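Here's the structure we're looking at; comments come further down.
Coordinate-derived values only; no laboratory data. The shown structure was predicted, so the numbers you read here are calculated from the model rather than taken from an experiment. Note that we place each Cβ from the backbone using ideal geometry, even for glycine, and neighbour counts take in every protein chain shown.
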Amino acid sequence: MINWLIQFDVVASLLILITSSPKFILTQPTNSPTTPSPTPVPTPLPTNPPIPGSAGWYVDGDKCVLGESFTESLHPSASACCTDQLSWMSNELCVSLSTGVPTDMFYADQTASVCKQDCLAGNGLPCGGSPSDLSLTLYSSQILCELVVWKVCT
């Protein structure tokens, strides 16, 4: 009987120890997963991030300008900008308007029935400055331009 009491006392002490110690708290099985959710992988940085303060040619209205832009696509030259962004007008005229350098090409002024040259307007005819209609065709010679004017006017 003494053995039984000693064993009972040992079992009672173990039960008290198990139920009172946080390490030995018994829990019931649950339906919840015991593994933690996966940690999201961070988005990698772009391999070619934009260079702050980089300069290039970008569209500003009806011409391309050289400068810095954080919102517009930058191009390495006025010609590339004109070709990519303002293809509705002749590349020569776009580059001329963008750089301020006249094309020295000719265009038909249908209102005056005359050909004008894209050159400094203060030099007198045939210099007429840049055309106001940016969709006009530019001709490499005055003779080609006059053929168009003559054909349209007759």
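Here are the numbers for this structure:
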| read-out | value |
| --- | --- |
| Strands (runs of 3 or more DSSP E) fully within segment 47-151 counting 1 or more residues that are of a type in the set (Asp, Glu) | 55-60, 63-68, 106-109 |
| In segment 102-149, the residues that are over 39 Å from the mean Cα position of the chain (by Cα) and buried (at least 18 other Cβ atoms within 10 Å of the Cβ) | Cys115, Cys145, Val149 |
